[in-house]
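Novice: My questions all concern the structure below.
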Amino acid sequence: MDPSVQTVPTPYVSKRLDGGVVTLTLNRGERFNPLSSGMIAALESELDALATDETARAVVLAGAGRGFCAVTT
């Protein structure tokens, strides 16, 4: 790998707003979106921000890839 190339980490959760509907997508599809501490923290952060967003009327949780989520221990 070229050391001059920097990669930007993919966020754990992506957000899309369509009208009043917010879709939060778990964004670790290659690992079946595990509910790791990082994923839970990212979801909590997004949900906390939405709690004060008066334009958000509904929240849809989705998962990227083939599986919605996997629980890790």
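Novice: Give the shape of the chain as rounded, prolate or oblate, defined through the alpha-carbon gyration tensor: a ≥ b ≥ c are the square roots of its eigenvalues, a/c under 1.5 means rounded, and otherwise the shape is prolate if a/b is larger than b/c and oblate if not.
Specialist: Cα axes put the chain in the prolate bin.
Novice: Which order do you get for 30, 54 if you rank them by accessible area with a 1.4 Å probe, largest at the top?
Specialist: Per-residue accessible area, sorted high to low, gives 54, 30.
Novice: Let me ask something additional. Given R₀ = 30 Å, FRET efficiency for residue 10-residue 56 by Cβ-Cβ distance, to 0.05?
Specialist: 0.80
Novice: With springs connecting C-alpha atoms under 10 Å apart, model the chain as a Gaussian network and identify which of 22, 13, 60 has the largest mean-square fluctuation.
Specialist: 60
Novice: How much solvent-accessible surface does residue 18 expose, in Å² to the nearest 10, with a 1.4 Å probe and all protein chains in place?
Specialist: Answer for residue 18: close to 100 Å² accessible.
Novice: I would also like to ask the following. Within the chain, list the trypsin sites (Lys or Arg not before Pro) lying in a DSSP loop whose Cβ has at most 15 other Cβ atoms in a 10 Å radius.
Specialist: Filter output for the chain: 57, 66.
Novice: Between 0 and 90 degrees, rounded to the nearest ten: what's the tilt of helix 37-51 against the longest Cα principal axis of the chain?
Specialist: The angle comes out at about 30 degrees.
The values are calculated or read from the model by the stated rules, or taken from the named source; none is laboratory data. A quick note: this is a predicted structure, and the numbers were derived from the prediction, not measured. In this analysis, Cβ positions are derived from the backbone assuming ideal geometry, glycine residues included, and neighbour counts consider all displayed protein chains. Calculation scope for accessible area: heavy atoms of the full protein, side chains included, ligands and nucleic acids excluded. Shrake-Rupley method; radii C 1.70, N 1.55, O 1.52, S 1.80 Å.
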